[in-house]
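First comes the structure, then the notes that go with it.
The values are calculated or read from the model by the stated rules, or taken from the named source; none is laboratory data. Model, not experiment: these values are computed from the prediction. Here Cβ is always computed from backbone atoms with ideal geometry, including for glycine, and neighbour counts include all displayed protein chains. Calculation scope for accessible area: heavy atoms of the full protein, side chains included, ligands and nucleic acids excluded. Shrake-Rupley method; radii C 1.70, N 1.55, O 1.52, S 1.80 Å.
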Amino acid sequence: MLPRQQHVLNALATCATACDQCTTLGLANLPLLAHLRSFRLSRDCADLCRLTAAFLAREAEHTPHLLRECAELCRACANACTQFDTPQHRACTEACRRGEDACRTAFV
């Protein structure tokens with residue numbers, strides 16, 4: 001595996017974990033309606049990061065398509081989470097920004 005691919009896999013794993021933790025916060029604290037979008041995006045982002053990592057690891061033909069979509073979802077998730085000031089939201093925002101960057105630059 002190329003170092004660039006490993007970098008993307010690491011960024012996606014970190015992003016998925018941070019998003020899962022953000023979602024867990026929402027489920028545990030019965031979020032305000034304003035938080036629901038960020039928690040839903042976090043769950044979707046975690047799932048797509050894991051799927052994209054699986055495609056990347058096996059060098060699947062449609063990996064570039066997933067990388068583009070994953071970058072978009074990471075950006076949307078980061079933007080939603082940046083509105084809230086909790087440690088989980090801050091960690092999610094940072095991890096999603098790194099995930100977005102890694103996906104966008106994966107094959108440049």
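Just a few scattered comments:
- Selection within the range 54-91 - among the β-branched types (V, I, T) and open to solvent by less than 30 Å² (accessible area, probe 1.4 Å): T63
- Filter pass, D20 being charged (D, E, K, R), over 15 Å from E100 (Cα atoms), out of contact with any Ser or Thr (no Cβ under 6 Å at 6 or more places or on another chain) and modelled with pLDDT of 90 or more: yes
- Going through (1) part of a helix (DSSP H, G or I); (2) closer than 21 Å to R4 by Cβ one by one, A80 falls short only on (2).
Residue by residue, here is whether (1) among the β-branched types (V, I, T); (2) touching a Phe, Trp or Tyr at 6+ places or on another chain (Cβ under 6 Å); (3) in contact (Cβ under 8 Å) with a residue 60 or more places away in the chain; (4) over 17 Å from T24 (Cα atoms) holds:
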| position | (1), (2), (3), (4) |
| --- | --- |
| R43 | no, no, no, no |
| E61 | no, no, no, yes |
| C74 | no, no, no, yes |
| A95 | no, no, yes, no |
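- Some residue of the range 30-47 being loosely packed, with under 15 Cβ neighbours inside 10 Å, of a type in the set (G, A, S) and either over 16 Å from T105 (Cα atoms) or modelled with pLDDT under 90 (or both): yes
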